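Report on the structure given below.
Since every read-out is calculated from the coordinates, none of them should be taken as a lab result. Fair warning: this is a prediction, and the values are worked out from it, not measured in the lab. Please note: Cβ atoms are built from the backbone with ideal geometry, for glycine as well, and neighbour counts cover all protein chains shown.
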Amino acid sequence: MNSLFLSWGIAAAATVGVIVRPFRWPEAVWAVAGAGLLVSLHLLPVDLAIRAVDRGSDVYLFLIGMMLLSEVARREGLFDWVAGLAVNHAKGSPRKLFLLVYLVGVVITAFLSNDATAVVLTPAVFAAAKKARTPPLPLLFICAFVANAASFVLPISNPANLVLYGNHTPALGVWLTRFAVPSLLSIGLTYLLLRWTQRATLSGQCEADLESSQLSASGRVALAGIAITAAVLLTVSAFDIPLGWPTATLGALTAMVVLIQERKSPLPMIREISWSVLPLVAALFVLVEMLDHTGVIAALATLLQRAPPNGELATAASAGGVIALASNLMNNLPAGLIASSTVMQAQGSRLVTDALLIGVDLGPNLSITGSLATILWLNAIRREGEDVGFMTFLKVGAVVMLPTLALTLFARIVMG
C-alpha cells in the first residue's frame, strides 16, 4: 500500500511540475524526473517502462516530421511570405486579420493535425503580427485554441483520436456523420468567445498594403512538402496506417531537398528544433503505464461497467466532462491513453467513446498544459520572445472552453 501511494505521489508531483514549471525549467524535466523515479525506486518494472516508451513510437515519428517541416518553412521564409499575404488581405483591420488566421488554423488542424497548427502556424502568425504592427498575443491565442477546437473534424486532426480508437477508428463517412455537427459548433463558438475575450486589443487599425515578396525556390519546396504531407496523411489514415513513418519520412525528405539545393549543413537546422518534446511525451507514456500497473485503469473500467444501462446519455456526458478536466491535470495525451484502455476493458458504448473523444480533444483549451499541441505552441512562442503564464491562459480558457464543451457534448449526445 505504501508503494502504491508513493507511485501516485510521484506521478502527481511530476504533473504539477509540468503545469507549474518550478524554476522555469522545461516541462520535460519534470515529466522525465517523475518517470525516472518510478523506475529507479522499482515502483514500475523496467520492462513495463520500456514497453510504455515503445508505445509512443508513432507519436515521436509524427512530431519529428512536423518539426522538420516547420523548421524548413521558417528558415526558407515561407512563414514571412504567408504573413505578408494575410496582412494585405486584412486591409488594415485587426479583426479581419484575426478571422483570416482563425480560418487558416481550422484548415491546417483539419488536414495536418493540431500539433501541426501549433508548430507550423504559430511562427507564421507571429510574423504576420509583426508585419501588421499589431499586438501578437490575440493572434497567437488562435493557434492554441483552434488547434483543440478543430481537432475532431477528421481522424487525423489530432493524434489523440487515433490513440483513443486504436485499430477501430471509424471510416471517414461514419466519422463525419458522428462529428461534423459537433465540430462546426466547437469551431464556431470557440471563435466567437475567443474573439470576444480579445476585443479590446483588436480595435483600431493595422498595417496594410505591404510590399509583396517572392517566395524563394526553397520556400516553394517547403510549401510543397507541407501540401504533400497533408495529402499523404489523409490517404494513409483512410487505410488505418499509422501516421508516424509517413510524416517523418516526408519531413526528412523535404529538409534533405532544401539542404542539397542550398548546399548547407543540416546541423544548424537540427539545433533549432525543440527536441525536448520527445522525452516529455515518452515520460507521459510511462506515467500512464504506472496507472495501469497499479490498477487505476481497471478500477475506472469497473466504474464504467457499473453505469446503469438506461443511463447511457448521462454516462456519456459525465465521461466527456470528467476526461476534459482530467486532460488539464495530466495532459490530454495520457488522458486519451487512459480513456482508450478504460473503454477497451469496459467495452464501452460508441456514444460514450465519442464523448470521451470530444473531452480529450476540446477539454485542453482550459489550461496551458492541457494538450501536447499547446505545449508545442508554448515552445514556439518562447522562441519568438513571447510567453503566456498559467493564469493568463486559464482566464481566457475558462470563458472559451467550458461553454463550448457543454454545447458540443450536448450536440453529440442528442444525435445518439
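Using Cα pairs closer than 8 Å and at least 6 residues apart in sequence, work out the relative contact order for the range 2-415, in percent.
Normalised by residue count, the contact order of the range 2-415 is 24 percent.
Contour minus end-to-end for Ser265 and Ala13, with contour as 0.36 nm per residue of separation and end-to-end as the Cα-Cα distance?
Working: separation 252, 0.36 × 252 = 90.72 nm, distance 4.10 nm.
Here the answer is 86.6 nm.
Between 0 and 90 degrees, rounded to the nearest ten: what's the tilt of helix 390-415 against the longest Cα principal axis of the chain?
With both axes taken from Cα atoms, the answer is about 70 degrees.
Once a ≥ b ≥ c are taken as the square roots of the eigenvalues of the Cα gyration tensor of the chain, is the result rounded (a/c under 1.5), prolate (a/b larger than b/c) or oblate (a/b not larger than b/c)?
Prolate is the answer for the chain, as a/c is 1.5 or above and a/b outweighs b/c.
Tell me the Kirkwood hydrodynamic radius of the range 155-249 in angstroms, computed as one over the mean inverse distance between distinct C-alpha pairs.
17.1
Against the empirical 2.2 N^0.38 Å scaling, what ratio does the C-alpha Rg of the range 207-246 come to?
1.76
Would you mind computing Rg(Cα) / (2.2 N^0.38 Å) for the range 106-196, counting N as its residues?
In units of the 2.2 N^0.38 Å rule of thumb, it is 1.18.
Enter the angle in degrees (range 0 to 90, nearest 10) between the Cα long axis of helix 57-75 and the first principal axis of the Cα atoms of the chain, meaning the one along which they spread out most.
That helix lies at roughly 10 degrees to the long axis.
In nm, give the distance between the simple-model label positions of Trp245 and Arg382, each being 7 Å from the Cα along the Cα-to-Cβ direction.
According to this spin-label approximation, the distance is 3.3 nm.
Cut-off 10 angstrom, C-alpha nodes, Gaussian network model of the chain. Which of Thr169, Thr229, Thr404 fluctuates the most?
Thr169
Would you give the gap between the C-alpha center of the range 257-287 and the C-alpha center of the range 319-398, rounded to a whole Å?
Comparing the Cα centres of the range 257-287 and the range 319-398, I get a distance of 24 Å.
Excluding the sites themselves, what is the longest stretch of the chain that contains no chymotrypsin sites (Phe, Trp or Tyr not before Pro) in a DSSP loop with at most 14 other C-beta atoms within 10 Å?
It works out to 1-238.
Among Ala150, Ala398, Ala31, whose mean-square fluctuation peaks in a Gaussian network model of the chain (Cα, cutoff 10 Å)?
It is Ala398.
Could you give the size of the charge dipole of the range 2-415 about its Cα centre, using +1 on the Cβ of each K and R and -1 on the Cβ of each D and E, expressed in debye and rounded to the nearest 20?
Once rounded to the nearest 20, the dipole reads 780 debye.
Dipole of the range 1-133, Cα-centred, from +1 at each Lys and Arg C-beta and -1 at each Asp and Glu C-beta, to the nearest 20 debye?
Using only the charged Cβ atoms, the result is roughly 800 debye.
Mind telling me which of Ala314, Ala149, Ala73 comes out most flexible in a GNM of the chain, alpha-carbon contacts under 10 Å?
Of Ala314, Ala149, Ala73, the most mobile in the Gaussian network model is Ala314.
Please quote Rg/Rh for the range 50-180 to two decimal places, taking the Kirkwood radius as Rh and restricting both calculations to Cα atoms.
In the range 50-180, Rg relative to Rh is 1.04.
Expressed as an acute angle from 0 to 90° and rounded to the nearest 10, what is the orientation of the C-alpha long axis of helix 122-132 relative to the principal long axis of the chain?
On a 0 to 90 degree scale, this one is about 40.
Have a look at Leu85, Val125, Ser3 and report the one farthest towards the positive end of the charge dipole of the range 1-150, computed about the Cα centre with Cβ charges (Lys/Arg +1, Asp/Glu -1).
Value computed over the given set: Leu85.
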